[in-house]
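Asks: Right, I'll just put the structure down here and ask away after.
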Amino acid sequence: MTTKIVIIDDHQLFREGVKRILDFERSFEVVAEGDDGSVALDLVEEHQPDVIIMDINMPKINGVEATRQLVDKYPDTRVIILSIHDDENYVTHALKSGAMGYLLKEMDADALIDAVKVVADGGSYLHPKVTHNLVKEYRRLASEESGSGYVQQVEIRRPLHLLTRRECEVLQMLADGKSNRGIGEALYISEKTVKNHVSNILQKMNVNDRTQAVVVAIKNGWVEVK
């Protein structure tokens, strides 16, 4: 089946670059483009896309507000926000608006393609660096709630009852905010092998995406947060 995509970004060169990457995937079809959040509703109504890729900063209506409007009218809308900001406040606002993905514009082509596939299937996708920052913020808030002012150091116990040693290494690197490429370079394995490991980890941990895997791992003391 073909995944229909709408791209909304006010920078034409960047928009064309994203479209060129997506065109390499045979199952993708970019059905429309726009240069501001103000056209989002009309484009979605006309083309009924499966995924909308939306810039966060635009002159008239920004990506967060446009996403909120889309989700209000079309609750099943699947939006991926594109941003230069990895600050957790931006991410939180985007997710609260109803976005199902958040990518930094420093992403590589594989990350963009993976994100579209995951979100089109109903999952969520966060850029690895964003995941790492959110986990650090989660720990900070947890320490404030406990009243201790610091995060208690816990003994790290790798989940060898559940994952292989290599999968434990990959899980730790997911928590470190590494991309598939970064993990591959660190472990001297191919990106395809990394993707297979990540897929196995998600299945064994019974979670839908990398972010959920990292959060579960943190709660269980399976990884360190640096």
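Asks: Kindly list, by first and then second residue, each pair from a residue in the stretch 165-177 that is farther than 12 Å from Ala217 by Cβ to a residue that is part of a helix (DSSP H, G or I) and open to solvent by 30 Å² or more (accessible area, probe 1.4 Å), limited to pairs with Cβ atoms under 7 Å and residues at least 6 apart or on different chains.
Replies: Every condition considered, the pairs that remain are Arg166/His197; Gly177/Lys129.
Asks: Just checking, does the stretch 86-93 include any residue being open to solvent by 60 Å² or more (accessible area, probe 1.4 Å) and among the polar types (S, T, N, Q)?
Replies: yes
Asks: Looking at (1) more than 21 Å from the chain's Cα centre (by Cα); (2) open to solvent by 90 Å² or more (accessible area, probe 1.4 Å); (3) of a type outside the set (Lys, Arg), find the lone condition where Asn208 falls short.
Replies: (1)
Asks: What number of residues within the stretch 44-63 are open to solvent by less than 30 Å² (accessible area, probe 1.4 Å), within 18 Å of Lys4 (Cα to Cα) and in a helix (DSSP H, G or I)? Show your work before the answer.
Replies: Going residue by residue through the stretch 44-63, those that are open to solvent by less than 30 Å² (accessible area, probe 1.4 Å) are 44, 49, 51-56, 58, 63.
Still in the list and also within 18 Å of Lys4 (Cα to Cα): 44, 49, 51-55.
Those still in the list that are in a helix (DSSP H, G or I) too: 44.
Within the stretch 44-63, residues that are open to solvent by less than 30 Å² (accessible area, probe 1.4 Å), within 18 Å of Lys4 (Cα to Cα) and in a helix (DSSP H, G or I) number 1.
Asks: Only residues that are of a type in the set (Asp, Glu) and part of a loop (DSSP other than H, G, I, E, B): list them for the stretch 5-43, please. Walk me through how you get there before you give the answer.
Replies: Residues of the stretch 5-43 that are of a type in the set (Asp, Glu), as a first pass: 9-10, 16, 23, 25, 29, 33, 35-36, 42.
The answer is Asp9, Asp10, Glu25, Asp35, Asp36.
Asks: Another one. If a residue has to be assigned to a helix (DSSP H, G or I), open to solvent by 20 Å² or more (accessible area, probe 1.4 Å) and closer than 17 Å to Leu22 by Cβ to count, how many in the stretch 96-119 make the cut? Talk me through it step by step, then tell me what you get.
Replies: To start, the set of residues in the stretch 96-119 that are assigned to a helix (DSSP H, G or I) comprises 96, 109-119.
Within this subset, residues satisfying the condition of being open to solvent by 20 Å² or more (accessible area, probe 1.4 Å) are 96, 109-110, 113-114, 117-118.
Subsequent filtering for residues that are closer than 17 Å to Leu22 by Cβ retains 109-110, 113-114, 117-118.
Going through the stretch 96-119 one residue at a time, the tally reaches 6.
Asks: While we're here: Need the failing condition index for Leu160 against (1) at pLDDT 80 or above; (2) of a type in the set (A, V, I, L, M); (3) under 30 Å from Val6 (Cβ atoms), just the number.
Replies: In the conditions (1) at pLDDT 80 or above; (2) of a type in the set (A, V, I, L, M); (3) under 30 Å from Val6 (Cβ atoms), Leu160 misses (3) alone.
Asks: Quick test for you: out of Glu16, Glu46, pick the one residue that is under 21 Å from Gly98 (Cα atoms) and either more than 20 Å from the chain's Cα centre (by Cα) or of a type in the set (S, T, N, Q) (or both). Give the steps one after another, and end with the answer.
Replies: On the way: Glu16 fails: under 21 Å from Gly98 (Cα atoms).
Every option except Glu46 fails the conditions.
Asks: Among all residue pairs at least 6 apart or on different chains, which show Cβ distances below 6 Å where the first residue, located in the stretch 48-74, is basic (Lys, Arg) and the second is modelled with pLDDT of 90 or more and crowded, with 24+ Cβ neighbours inside 10 Å?
Replies: Matching pairs, first to second residue: none at all.
Asks: Exactly one of (1) modelled with pLDDT of 90 or more; (2) on the phi < 0 side of the Ramachandran plot is unmet by Gln48. Its number?
Replies: (2)
Asks: On to the next question. For the stretch 177-188: of the residues being under 17 Å from the mean Cα position of the chain (by Cα) and charged (D, E, K, R), which is least open to solvent (accessible area, probe 1.4 Å)? Break it down into steps so the answer makes sense when it comes.
Replies: Pass one, the stretch 177-188, residues under 17 Å from the mean Cα position of the chain (by Cα): 177-183.
From the residues that got through so far, the ones that are charged (D, E, K, R) too are 178, 181.
Numbers: Lys178: 78, Arg181: 109 Å².
In this case the residue turns out to be Lys178.
Asks: Considering Arg68, Arg20, which residue is within 27 Å of Asn180 (Cα to Cα) and open to solvent by 70 Å² or more (accessible area, probe 1.4 Å)?
Replies: Working: Arg68 fails: within 27 Å of Asn180 (Cα to Cα).
Result of the check over Arg68, Arg20: Arg20.
Asks: Only one residue in Glu224, Glu191 is of a type in the set (D, E, K, R), open to solvent by 40 Å² or more (accessible area, probe 1.4 Å) and either touching a Gly at 6+ places or on another chain (Cβ under 8 Å) or closer than 20 Å to Val119 by Cα (or both), so which one is that? Full working, then the answer.
Replies: Values: Glu224 fails: either touching a Gly at 6+ places or on another chain (Cβ under 8 Å) or closer than 20 Å to Val119 by Cα (or both).
Answer to the selection: Glu191.
Asks: Filter the stretch 33-43 down to residues that are open to solvent by 10 Å² or more (accessible area, probe 1.4 Å) and among the aliphatic types (A, V, I, L, M) and give me whichever is farthest from Arg78 (Cα to Cα).
Replies: Among those residues, the one meeting the criterion is Val39.
The values are calculated or read from the model by the stated rules, or taken from the named source; none is laboratory data. Keep in mind that this is a model prediction, so the values were computed, not measured. Positions of Cβ are generated from backbone atoms using ideal geometry, with glycine treated the same way; all protein chains shown enter the neighbour counts. All accessible areas refer to the heavy atoms of the entire protein, side chains included, with ligands and DNA or RNA removed. Shrake-Rupley method; radii C 1.70, N 1.55, O 1.52, S 1.80 Å.
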